[in-house]
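The values are calculated or read from the model by the stated rules, or taken from the named source; none is laboratory data. Bear in mind the structure is a predicted one, so any value in this text is a computation, not a measurement. Here Cβ is always computed from backbone atoms with ideal geometry, including for glycine, and neighbour counts include all displayed protein chains.
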Amino acid sequence: MNRILSTTFLAVLLSSGFANAFVVPSPPALENKSYVVMDADSGRVLAASNADVQLEPASLTKMMTSYIVEHSLVSGRLKESDPVLVSEHAWCRGTSAESCMYLPLNGSASVIDMLRGVIIQSGNDASKALAEHIGGSEPAFAEIMNAEAKRLGMKNTNFMNATGLPDPAHLSTARDMAILAQAIIRDNPKYYPIYAEKEFTYNNIKQGNRNALLYTDPTVDGLKTGHTENAGFCLVASSKRGNMRLISVVMGTNSMQARADQTRALFNWGFSSYETIKPLAAGKVLGDAQVWFGREDLVKAGLDRDLSITLPRGQKDKVQAVTRLMPDLEAPIAKGQKVGEVVVTLDGKTIATQNVVAMEAVEETNFVVRLWHHLKRFLSNLF
């Protein structure tokens, strides 16, 4: 039998709520090719224009390069002190046409220095050298980038290189870049502070971070700028105010000042119009799910990550959630296995769902008990 546990968050529904509901103002009118503003915790897109139109991402590409490097460090595949060689292909000749970390030809630098060179200095040389170090070649690394993009749900992205240098097939979207920024913040928190560093000195050459908002807004702590003639001026940024974090992506603006101003406008609109609540924390037990053929008849069910809901301001008192546990679960049950879901509604409309998982493992019981369970289940279905 399906077990349903109902919980009302924060308050009982108010009959006057509709009249007093906060009306979300329209997002700002912006002159660019595409934009997205997303809540980082819930993943909800609050406003967008041409979010899925494929465009040249320019150096926003390097977010995927840095994400893969960070992931390799976290997994232990790379160490921060590992030396990375600089091939002739990776070496930057110092022209004004590209951004460089100014690594020495046939020399080397540590992984962590090169990671800073990618994130802060937008170094094409560091990006290529790391791509060759991890993938063997830059084209092979591009295949890794595309596999990661697919895994993250970046449905309209195709990478051809590690830098974002122009290629007709090298394309992404504002939505996909927001998804990538969310993954960087969520998956590799140890290395995310690098995105807020304002400068980095290597080989006695000091270069500043091109994200102008880092110097003017203390709530902004990342992520990456990009520019080519065809792509225009692009910026992916994140800001945290209180317990709410937003991600903004603007692509195809006409100047560095415009991309900063438009990002600031999106943040101000988003924070003033919406709020994020976390009514249920990771690890909270929501109920006991029945298990057949197990050494235990019940398994504790809960969340493996915080439940985050993004709402128009003034609506949180009308949020409801129902936890639905799956019927006819059979052992063995692995810890973390899906055993149900939480469905969150606002005014009767579903606004979010999240998996409910087993908080512990349940092993299969012996043959005799399994036979008894088969009989019990058969009899319960008859009556």
**OP:** State yes or no: is Val53 of a type in the set (Val, Ile, Thr), at pLDDT below 95 and in a loop (DSSP other than H, G, I, E, B)?
**Re:** no
Original post:
Of these, Ser127, Ser137, Ser87, Ser108, which one is closer than 20 Å to Gly222 by Cβ, of a type in the set (S, T, N, Q) and at pLDDT 95 or above?
Top reply: Ser127
Original post:
How many of the residues in the stretch 134-160 are out of contact with any Leu (no Cβ under 6 Å at 6 or more places or on another chain) and not in a helix (DSSP H, G or I)?
Top reply: 9
Original post:
If only one of Gly123, Gly117, Gly136 is free of Cβ contacts under 8 Å to residues at least 24 places away in the same chain and either in the same structural domain as Arg186 (by TED's automatic domain parsing) or over 25 Å from the mean Cα position of the chain (by Cα) (or both), which one is it?
Top reply: Gly136
Original post:
Among Ala352, Ala289, Ala282, Ala301, which is the only one that is hydrophobic (A, V, I, L, M, F, W, C) and part of a loop (DSSP other than H, G, I, E, B)?
Top reply: Ala282
**OP:** Kindly list the number of the only condition in (1) in the same structural domain as Leu46 (by TED's automatic domain parsing); (2) in contact (Cβ under 8 Å) with a residue 24 or more places away in the chain; (3) more than 22 Å from Asn146 (Cα to Cα) that fails for Tyr274.
**Re:** (1)
Original post:
Here are some residues: Val249, Val299, Val285, Val291. Which one is under 18 Å from the mean Cα position of the chain (by Cα) and of a type outside the set (Phe, Trp, Tyr)?
Top reply: Val249
Original post:
Restricting attention to the stretch 56-83, which residues are in a helix (DSSP H, G or I), farther than 17 Å from Met160 by Cβ and among the polar types (S, T, N, Q)?
Top reply: Ser66, Ser72, Ser75
